[in-house]
Amino acid sequence: MHKARLEQISRLFLDYRRHFEIGDAEQVADFYRFPLHYYREDGSKLAISRQDFVQQVDKLLSAYRRLDVNQILGTVTDVNELNESSSLATLNWILLCPQGDKSAELYSAITRYLLGDTEDGLKIDGLILVDEAEKIRGAVRARRRAAREQ
């Protein structure tokens with residue numbers, strides 16, 4: 001892997017994370033090429049439009065607000081070059097929320113992205129989904145337990 005390509009991918013996800021933290025689904029969608037291909041955990045595949053993607057991101061951002069997520073950390077843990085213009089990147093996302101005067105991990109998730117060069121630069125072309133619903137429900141339950149214990 002060329003160092004320049006790895007830096008390009010790292011920069012893409014740094015900017016992506018910042019826009020996710022801002023909470024604007026339209027800006028998050030700008031990092032993708034549509035139709036976007038979702039590869040689900042059950043092995044099925046789905047192509048979705050920008051409009052559908054924005055609606056899904058809005059729901060996820062709403063859940064993050066309810067959970068009081070104040071920071072999202074994303075670390076590129078692996079990149080495989082598929083060909084000269086396509087890569088598979090693995091990221092470890094960690095969601096943080098306030099806990100006293102510090103931040104605490106709410107949960108983490110590993111996500112894989114298919115990236116491709118386009119006329120507009122590097123874009124996310126496919127997403128190997130990780131269902132965050134169970135992680136979000138677990139975080140909500142943990143929050144409720146902690147609140148009852150106080």
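The values are calculated or read from the model by the stated rules, or taken from the named source; none is laboratory data. As the structure is a prediction and not an experimental result, all values here were calculated from the model. Here Cβ is always computed from backbone atoms with ideal geometry, including for glycine, and neighbour counts include all displayed protein chains. SASA here: full protein model, heavy atoms, side chains in, ligands and nucleic acids out. Shrake-Rupley method; radii C 1.70, N 1.55, O 1.52, S 1.80 Å.
Check whether at least one residue in the stretch 122-130 is without any contact (Cβ under 8 Å) to a residue 60 or more places away in the chain and either open to solvent by less than 60 Å² (accessible area, probe 1.4 Å) or farther than 17 Å from Phe20 by Cβ (or both), and report yes or no.
Within the stretch 122-130, not a single residue is without any contact (Cβ under 8 Å) to a residue 60 or more places away in the chain and either open to solvent by less than 60 Å² (accessible area, probe 1.4 Å) or farther than 17 Å from Phe20 by Cβ (or both).
Give the residue, chosen from Asn92, Asn83, that is of a type in the set (S, T, N, Q) and over 16 Å from the mean Cα position of the chain (by Cα).
So the residue among Asn92, Asn83 that is of a type in the set (S, T, N, Q) and over 16 Å from the mean Cα position of the chain (by Cα) is Asn83.
For residues that are among the β-branched types (Val, Ile, Thr) and within 13 Å of the chain's Cα centre (by Cα), scanning just the stretch 67-80, find the one that is surrounded by the fewest Cβ atoms within 10 Å (Cβ to Cβ).
Across the stretch 67-80, the extreme among qualifying residues is Thr75.
What number goes with the only condition from (1) free of Cβ contacts under 8 Å to residues at least 40 places away in the same chain; (2) open to solvent by 30 Å² or more (accessible area, probe 1.4 Å); (3) assigned to a helix (DSSP H, G or I) that Asp42 does not pass?
(3)
Take the residues of the stretch 131-143 that are aliphatic (A, V, I, L, M) and without any contact (Cβ under 8 Å) to a residue 24 or more places away in the chain: which is nearest to Phe53 (Cα to Cα)?
Ranking the qualifying residues of the stretch 131-143, first place goes to Ala133.
If you go through the stretch 1-39, how many residues are touching a helix residue (DSSP H, G or I) at 6+ places or on another chain (Cβ under 7 Å), more than 21 Å from Leu95 (Cα to Cα) and open to solvent by 50 Å² or more (accessible area, probe 1.4 Å)?
Counting residues in the stretch 1-39 that are touching a helix residue (DSSP H, G or I) at 6+ places or on another chain (Cβ under 7 Å), more than 21 Å from Leu95 (Cα to Cα) and open to solvent by 50 Å² or more (accessible area, probe 1.4 Å) gives 1.
So which pairs qualify, if the first residue must be in the stretch 52-65 and part of a helix (DSSP H, G or I), the second must be among the hydroxyl-bearing types (Ser, Thr, Tyr) and open to solvent by less than 40 Å² (accessible area, probe 1.4 Å), the Cβ gap must be under 7 Å, and the two must be at least 6 apart or on different chains?
Once the first residue is part of a helix (DSSP H, G or I) and sits in the stretch 52-65, its partners that are among the hydroxyl-bearing types (Ser, Thr, Tyr) and open to solvent by less than 40 Å² (accessible area, probe 1.4 Å) give Phe53/Tyr32.
Would you point out which residue out of Leu114, Leu95, Leu14 is touching a residue at least 24 places away in the same chain (Cβ under 8 Å), in contact with a Lys or Arg (Cβ under 9 Å, 6 or more places away or on another chain) and either more than 18 Å from Asp131 (Cα to Cα) or in a strand (DSSP E or B) (or both)?
One residue alone meets the criteria, Leu95.
When you go through (1) at pLDDT below 85; (2) surrounded by 12 or more Cβ atoms within 10 Å (Cβ to Cβ) one by one for Pro98, which number turns out not to apply?
Condition (1) is where Pro98 drops out.
Being over 23 Å from Gly23 (Cβ atoms), loosely packed, with under 13 Cβ neighbours inside 10 Å and out of contact with any Ser or Thr (no Cβ under 9 Å at 6 or more places or on another chain) is true for just one of Glu134, Glu84. Which residue is that?
Only one candidate qualifies: Glu84.
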